[in-house]
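One structure is given here, and the rest of the page talks about it.
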Amino acid sequence: MDSSMIIETIGYLGSALVLVSFLMASVVKLRVINSAGGLIFAVYALLIHSYPTALMNFCLVGINLYYLARLRHPDRHYTLIEEKKDSPVLQAFLRHYGQDIEGCFPGLEIETEDADVVCLVCHKMTPAGILLGKRREGGALEILLDYSTPEYRDCSVGKYLYSRLPELGVDSLTYSREPLKHEAYLKKMGFAREKGVYVKRIKGL
């Protein structure tokens, strides 16, 4: 493979990553992949001496990194709303995000009748996440569903929600289902596996 073909391949790779990034539902994944594609395409532009294109892509990478940093420390003010398990708002939320919930929790059958704690988290009154839970002895809450919408999938919803749960008499959380794709989130949020069940103690948060 000669040098010109290698340079062209770099350009195609950068372009492909930028295009793929726009298919991502998660804002974090979009910006990470877009940054990688932009950086590669900037290198390609330098190799073909297209300096304005290189400058533009370096700037786009910088913008992505800025917003990724903001996502790590979001300046958001959430509102917690306690709902009823037969709430029309809850049912509408589950219908609207049903396909994405299935993608995040393959095979999960949501039984709202089993939930005695239903918390809806909103940002500027826009639904950002939901928690369905069943109370157990000793202030424990078994998680039936802990879901954030794609736009707010940066753990900020969970951190806010867990900080408010002691007000509802919840001292600890348990997650007994097979976590699959959810395992990384559980570990990031401080859950530890105990006797086959993920547990997080939240009293005093």
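The values are calculated or read from the model by the stated rules, or taken from the named source; none is laboratory data. Please read all numbers here as calculations on a predicted model, not as lab measurements. Don't worry about glycine lacking a Cβ; one is built from the backbone with ideal geometry, like all the others, and counts go over all protein chains shown.
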**Item:** Whichever residue in region 150-164 is under 26 Å from residue 107 (Cβ atoms) and surrounded by 20 or more Cβ atoms within 10 Å (Cβ to Cβ) and, among such residues, is modelled with the lowest pLDDT
**Value:** 153
**Item:** Neighbours by Cβ (under 6 Å, 6+ apart or cross-chain): first from region 77-94, modelled with pLDDT under 90; second not in a loop (DSSP other than H, G, I, E, B)
**Value:** 85/112; 85/118
**Prompt:** Do any helices (runs of 4 or more DSSP H) entirely within region 8-119 hold 1 or more residues that are farther than 25 Å from residue 184 by Cβ, and if so, which?
**Reply:** 27-47, 51-72, 88-96
